[in-house]
Structures are given as structure tokens and as C-alpha cells.
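Structure, as C-alpha cells:
The values are calculated or read from the model by the stated rules, or taken from the named source; none is laboratory data. Remember, it's a predicted structure, so these values are computed and weren't measured experimentally. No Cβ is skipped: glycine too gets one built from the backbone with ideal geometry, and neighbour counts run over all protein chains shown. What goes into the accessible areas is simple: the full protein's heavy atoms, side chains included, and nothing from ligands, DNA or RNA. Shrake-Rupley method; radii C 1.70, N 1.55, O 1.52, S 1.80 Å.
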Amino acid sequence: MTKNRIMLFVTILTIITLLSACTPGGADKVSSDDQSANGSKESVELRFSWWGSQVRTENTLKVIELFEKKYPNIKITGEYVGGTDGYWNKINTQIAGGNAPDLIQLGNNFPEYVSRNTLLDLNPYIGKKINVDHIDKTTIAAGQVDGITYGISLGSNSFGVAYNTELIKKAGMEPPNGDWTWDGFGKYAADLTKALGKGIYGTVDESRFPLLFNFMARQSGHSLYRDGKVSVVEQDFVNWLSMWDKFRKEGATTTAEMAAAYTESPDNSSFVEGKTAMHFIWSNQVNAYQKVMKDEINIVLPPNGGQSAEKGLWLQPSQVVSVNAKTKYPEEAAMFIDFMVNDPEATMILGNERGIPASATAREALMKNATPQDKKIYDFIDIAIQNSTTNDPEPPNGNEFTTEMLNISQSVAFGKKSIAEGSKVLFEKVLTTVNK
Amino acid sequence: MARLWKKNAIPYLFLLPWLIGLLALTVGPMISSVYYSLTNYDVISSPTYIGFDNYKKMFMDDPRFYTSLKVTFIYVFTSVPLKLIFALLVASLMNKGLRGLTFYRTLYYLPTLLGGSVAIAVLWRKIFGATGIVNHFLLLFFGIEAPDWIANPEYSLYTIVALSVWQFGSSMIIFLAGLKQIPQDFYEAAQVDGASKWKQFLKITIPLLTPVIFFNLIMQLISAFQAFTQSFIISGGTGGPIDSTLFYTLYLYLKGFSFYEMGYASAMAWVLLIIIAFFTFIIFSTSKSWVHYGDGGK
């Protein structure tokens, strides 16, 4: 009997110890309260999440290492996702579970998170923990909603048409100069296909991407989402789908089957495999694409809308870094943001992989040390700025529209839906998702 | 009562970790998912109660829901029978007493172990892609220029069916165990009576194996309804091309985690539960007429 009692006692004790190890202990809390009082001598652990290519992950980890060396009491754990596919699911789940990272990389969709009260107001830290002396006012404004700063730009970006210089040489054609209409682009691509022969095409089929559709819509003064409402019309979709249909029939772009086989991100792209000669990419992706390709690539302006059309292009902060509203260490998080955008060594490591840096001093330092490859990007951005107008935020519930667009573009390509039907579905979809 | 507790306290204590897990990780989420299915819940902000609107929308106003059901039904009703037939076939061959039996057993079981993994799904992409091994082979030996089996919506689902059939290992092992249970003298007796191999298979093997077939059928059916990883990886998470591999669970996942409709996704989960329960019930209730137990079912 006593033996049993002892057994029982030991078992209970073990379980209690095990359980208490699992629950968030009181000890942690005390230290965090001390924390805000005396700055940064206690040991602090922060989590930072981002998405992106291998290049980005490597240099971000290097910057974290550098930061930890400078502030040995702060430890930063990187949580990264290659490509954007799984990223939003992960972040949303973490936010819902109250377990989101302290520092979160967001895109042009950050207002969606502001409206759901997930981001910290950074105004109190600006000028104190985060030095913005060398950052342009408009760049700061791009991370604000109603005058409150929710994100600091990690770099500005524009997109253009990247081309494979080797393939164009092989075809015996002049490289494009970026002064072309959509028709000119299509014709150039069709000529490339003819010259390059079987299995290689002039351009990637881009008909599935809402971003590029929006670019063309903006050339006729419309936009997927502007001033809180949809300002495209059904005809915009008709124009877009018929244009790509024409390109497909002229052989300018890949077959339906081939288009469906690739996601066209640096990891899975017909452009990377040398099966297409041109691809629309973000300027900051030039390095990531170049790194996985043997042939040299170059980037020029995307097609314009012709004589009377408006400028469709825009410059946007490709990524902003925000702070979780529930973070225990707002000051340290702000310090890390400052480090990423201002520290000379850190900005050199990060380079322009996330776009052209926000800080002017970082930009100058980078340009001084630029490789020929990077010079191309700076030159491109210079031209892009001249051809840009103010950017529009992404429509809410963008993911749902993106899937529908993929679906419809494939249905049209495989001949399962007419252009008229497809356009109708897309137009209805953009209205319902925005107003959901 | 107190005495009963005293007697069983220690076993219960040892059960506790599992019990806590069950309550916190299974029962808890199930109960909250019933509630979420009756709300409009975007994952990030708090849910608002909307009654049965999610269910109504699902059945009245969501063509993609029906697409995903169709895709799943086609998958379940092609892959499960094919897999079981294949598994039984291989098991019967192995039961003949092959040399190096354990080696083959491991070999055939391997795909099942690797089955749900991302690597295999990626491999599948390579094998059945436009320039994959399969098409290479077809061109080399038959001069056929075959389509991209994965990127063409006519065939994409069937490559996933093939992937599932290839993972016949676990059913095969269970069949093999079942076959070993059948007494040899039944066959000897049949042989004396002049029954052909085929007749023996139909009249002895199959009837005596029905409990095992029944078990495998139920298990495979349930897991087939829940298929997710293969299409998620092969289609890059889209269910494409043109929704041809949009499995029910994949659509549920997209709704919940990509489109910010966790309430709707919860409702879909409960509908799936009912569908699975329905088919399981049908199989159970017909089992009396085709499953034969040695003891007459007692």
C-alpha cells in the first residue's frame, strides 16, 4: 500500500513538472517587464519572417548574424518561406493563433493587416529608434495608412521585360530597347519563336497574372483597385485575354500545356530553362533569375499602351517590414529595422535584392560598389521612374482573384471557355472578392 | 466510487498525457470547428455568427465546390478499386513462395512509406512532365509524341491516380497476411476435385479473404477521400490546370488559408465527414451479404 502511495506521488510529481515546462512560465513575463524599462541588457528573443529567393534568405541571415554580434543580448530567429505561395497561409495562421513573429515582412498588401489591427504603430519609434534622415518622404508615406507608419520600406521596385541575351543572339535579332507597344512586343516575340525553332518560344505566357493585367488596364486609365473601389470594366478583361489569345495563335508565346507546366517563379520557370526568351519580372528579381541561369539576362521597359495611352507603370515598396502589434519587445524590433535600412554593412549585404534601398546613403554606397549586373538594375529603375505614376494598393482578398485568373487564363488557353465567358467570370469575381 | 478511483488512479494517470492530447488537439478543435462553420471567420479578425449561410452558399452558390466533389469522387472510385486489385494480385504472386521474398516485400512496401512525401510528388512531376521519362520512353520505342501528363487537364488527375495505385504496399502486406491464413488443405481438396487455379481463386481465396478486403476497402476509401498532398504539390497548390486536380481537401485548404474563409472551410470539413460516414455506412451495411467470417460472423 505505501509502495503504491509513493508510486502515485512520484507519478503526479512527474506530470506536474512536465506540464509546467509546457506552459508559458511566469518567469519570462517578469523579465519582459524589466525589459522595456532598461532598454536592452536582458536577453531578448525576436522572430523575423520573410519570403523570398535563396539569395535573399542567405543575405538576410548574414545581416541577422551581424546584428547579433553587435547586440549580443538580442537573438533573432529567421522564419522564411521560399516563394510567396505558403507565406501568407503561414503568417495568417500564426496571427490567428496569437503566435505571429515579432517582425513581419509584408508586401503592398499590408493595409489588409492594418485593417485587422495586427500591426504596431511605428510613429513613436521614428526619429528615435528608427533613423529616417536619409529616407525619402514618399517612401515613408508608402508604409503609412492615415499618417500612421505601419511598415518601413525594404526597397523600391518596378517591373519590366527580362530577356535572354543568348537566345536573342542565336535568333540573329536586335535586343529590344523597351520602346514598344503590346503589338510590337507580340510581333517581336513571334519573330523570336520563328527564328529559334521548335520548342523555344518568344515569351512566357503571362495571361494569368493580375499584376500585369492591371498594368495594361492602367494604360487606359483604369485600375483593379483605386480609392477603395474597382475601376476596371469587363472590356479590359476582353482586351487582355484576346491579346494573349492572339499571341498564342501567332506562336509568340507557349502552348497551353507548356504554360500550365510552369509556375514561372525563379524556381520553376520556362525562362530559366531557356525555353522562352522573354519574361516579365520585378527589377529586384534580376539577380535571383541571373543566379540560376547561365545565359546573361537584361531588363527593359514593359510594353506601353501606344501614343495616347497613360503611363501604366509604377514604383512600389516591394516589401515593408512591420512589427507585430502584440510583440513583447517593440524597441528591439525597431532597432533591428533601423539596422536593416541604415547600417552601412547591413545595407551592403542586403544590396538591392529587395529592391532599391530606401535610404539615400545606402543607395549611394551601393551604386559606388555596383557590379555591372547591379548597374543594369539602377539604370532600369531610373527609366522606370520616368515612366511611372502613383501606385495603387492591391485589392483585398487578392489570393482568390489570383486563383480565378489562373483558372480562366488556362480555360481560355485550352479552349474550354470563350474569351467573352472568361471575361465575364473575371469581372464578376473581382467585384465579389473586393466587396466580400 | 472512491475505491474504484483508488484502484485505477495510476493507470488513469499514465493515460493522462494522451487524454489531454485527445481533448486539446482533437475534441476541442472539433467542437470549435462546429461553431466556426456557423460563422463568418476570416482567420485574423474575430468570427461573426451567420447561422447556416456557409452551408447554403456551398450547395446553392459555389460551382467550385461541385468541381472539387467531382474530382474527389473520380479519384476515390478509380484509385481505390485499382489499388486493391493490384495489391491483391501482387500479394497472390508473393504468396507462391518466391525466392528473396523479404526483399520484394520491402521493395513493394517502400512506395507506401514514401507515399505522402513531397519528394515523391515532385518526382512524379518529373516523370510525367512533357520531357519526363515516360514521354521519352514513348517517343523512343513507339515514336509517339505524348502530351504533358500533368499540365494537360485531360490527364492530370489520372497521373495522381497512378501515383496512388503505385503506393499499394500497405494493402498488399495486409492481403499477404490474409492469404497466409487460408489453410492449404482447402486448395489440396479442390485440386483433387479437379478445380482450376482460377476457380480456386474465385471459390476459395476470394471468399476467405473477404474480411481482409472489407478492412482494406474501408481504410483506403477513408484515406482516398482525404487525399491532399499529391495534388497540392503536383499542381503547385492550385488544383490546376483548370481545377482538374482540385481535390475536396485542397479546396477546403484554399478556402481556409488562402481566401480567408475559415468558417466556410469548417463547414466543408463537416460535409466531408458526413460524406465519408455515408460511404462507410453503405459498405458496412452491405458487408453482411458479402463478407464471410470463418465462424459464420458470430
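Residue pairs exceeding 30 angstrom between C-alpha atoms, taken from A:Lys194/A:Lys424; A:Lys198/A:Lys294; A:Lys291/B:Lys126; A:Lys424/B:Lys56; A:Lys194/B:Lys126; B:Lys83/B:Lys203: A:Lys194/A:Lys424. Where the centroid of each part is defined by its Cα atoms, how far is the stretch B:108-184 from the stretch B:249-294 in Å? Comparing the Cα centres of the stretch B:108-184 and the stretch B:249-294, I get a distance of 25 Å. Charged side chains reduced to their Cβ positions (Lys and Arg at +1, Asp and Glu at -1) give chain B a dipole of some 1020 debye around its Cα centre. With no solvent and one equal point scatterer per Cα, compute the Debye intensity ratio I(q)/I(0) for the stretch A:230-360 at 0.13, 0.21 Å⁻¹ and report its log10, rounded to two decimals. Scattering profile of the stretch A:230-360, log10 relative to I(0): -0.84, -1.32. Computed extension length for A:Lys198-A:Thr138: 16.8 nm, one decimal, from 0.36 nm per residue of separation with the Cα-Cα distance subtracted.
Ordered by 1.4 Å accessible area with all protein chains kept, A:Glu112, A:Glu250 run largest first as A:Glu250, A:Glu112.
Entry note: the stretch A:321-436 has Rg to Rh equal to 1.15, where both radii use alpha-carbon atoms and Rh is the Kirkwood radius. Stokes-Einstein diffusion for the stretch A:102-230, with the hydrodynamic radius set to the Kirkwood value over Cα pairs and evaluated at 10 °C in a medium of 1.306 mPa s, equals 85 µm²/s. Once the mean of 1/r is taken over each pair of separate Cα atoms and inverted, the stretch B:30-177 shows a Kirkwood hydrodynamic radius of 19.0 Å.
Within the stretch A:116-183, which trypsin sites (Lys or Arg not before Pro) sit in a loop by DSSP and count at most 12 neighbouring Cβ atoms inside 10 Å?
Taking the stretch A:116-183 and a limit of 12 other Cβ atoms within 10 Å, the loop trypsin sites (Lys or Arg not before Pro) found are A:Lys128.
Comparing A:Gly143, A:Gly355, A:Gly82 in a Gaussian network model of chain A where C-alpha atoms under 10 Å apart are linked, the largest mean-square fluctuation is found at A:Gly82. Spatial offset of the stretch A:184-235 relative to the stretch A:259-309 amounts to 13 Å, using the alpha carbon center of each. Only lysines eight or more places from A:Lys429 in sequence, or on another chain, were considered; those with a Cα closer than 17 Å are A:Lys229, A:Lys417, B:Lys57, B:Lys255.
When only DSSP loop residues count, what chymotrypsin sites (Phe, Trp or Tyr not before Pro) in the stretch B:247-298 have their Cβ near at most 16 other Cβ atoms within 10 Å?
On the way: sites: B:Phe247, B:Tyr248, B:Tyr251, B:Tyr253, B:Phe257, B:Phe259, B:Tyr260, B:Tyr264, B:Trp270, B:Phe278, B:Phe279, B:Phe281, B:Phe284, B:Trp290, B:Tyr293; in loops: B:Phe247, B:Phe259, B:Tyr260, B:Tyr293.
The qualifying sites are B:Tyr293.
The GNM of chain A, with springs linking C-alpha atoms under 10 angstrom apart, assigns the highest mean-square fluctuation among A:Asp183, A:Asp146, A:Asp236 to A:Asp146. Placing unit charges on the Cβ atoms only, positive for Lys and Arg and negative for Asp and Glu, gives chain A a dipole magnitude near 780 debye about its Cα centre. Taking the Cα centre of the stretch B:1-154 as origin and assigning +1 to Lys and Arg Cβ atoms and -1 to Asp and Glu Cβ atoms, the resulting dipole is close to 980 debye. Compute the label zone of A:Glu166 within the stretch A:263-283: residues whose backbone N is under 20 Å from the point 7 Å along Cα-to-Cβ. Inside the label zone: A:264-281. The label-point distance for B:Tyr104 and B:Ala277, in a model that sets each label 7 Å from Cα toward Cβ, rounds to 4.3 nm. Largest first, the extents of the alpha carbon coordinates of the stretch B:186-295 on the three principal axes equal 68, 28, 16 Å. In plain terms, the chain from A:Glu174 to A:Lys128 could stretch by 11.3 nm, reckoned as 0.36 nm per residue minus the Cα-Cα distance.
Average projection, convex hull of the Cα set of chain B: 23.8 square nanometres.
Projected over all directions and averaged, the alpha-carbon convex hull of the stretch A:81-150 occupies 5.5 nm². When chain B is treated as a Gaussian network with alpha carbon springs shorter than 10 Å, the biggest mean-square fluctuation among B:Trp124, B:Trp166, B:Trp18 belongs to B:Trp18. When the helix-only estimate is applied to chain A (DSSP H runs of n ≥ 4, each -39,500 (n - 2.57), divided by the residue count), what is the mean residue ellipticity at 222 nm, nearest 500 deg cm²/dmol? It comes out at -14500 deg cm²/dmol, rounded to the nearest 500. Heavy atoms of chains A and B lose about 2900 Å² of accessible surface on contact, summed over both sides with a 1.4 Å probe.
Modelled label positions at A:Lys416 and B:Leu114, each set 7 Å beyond Cα in the direction of Cβ, lie 3.0 nm from each other. A straight Cα-to-Cα reach below 15 Å connects A:Lys137 with the aspartates and glutamates A:Asp146, residues fewer than 8 places away in its own chain not being considered.
Here, the protein assembly as shown has an Rg and a Dmax of 30.3, 99 Å when only alpha carbons are counted. The calculated FRET efficiency for the pair A:Thr389 and B:Lys70, based on their C-beta separation and a Förster distance of 41 Å, comes to about 0.35.
Toward the positive end of the charge dipole of the stretch A:382-436, with +1 on the Cβ of Lys and Arg and -1 on the Cβ of Asp and Glu, the farthest Cα among A:Pro393, A:Ala413, A:Thr433 is that of A:Ala413.
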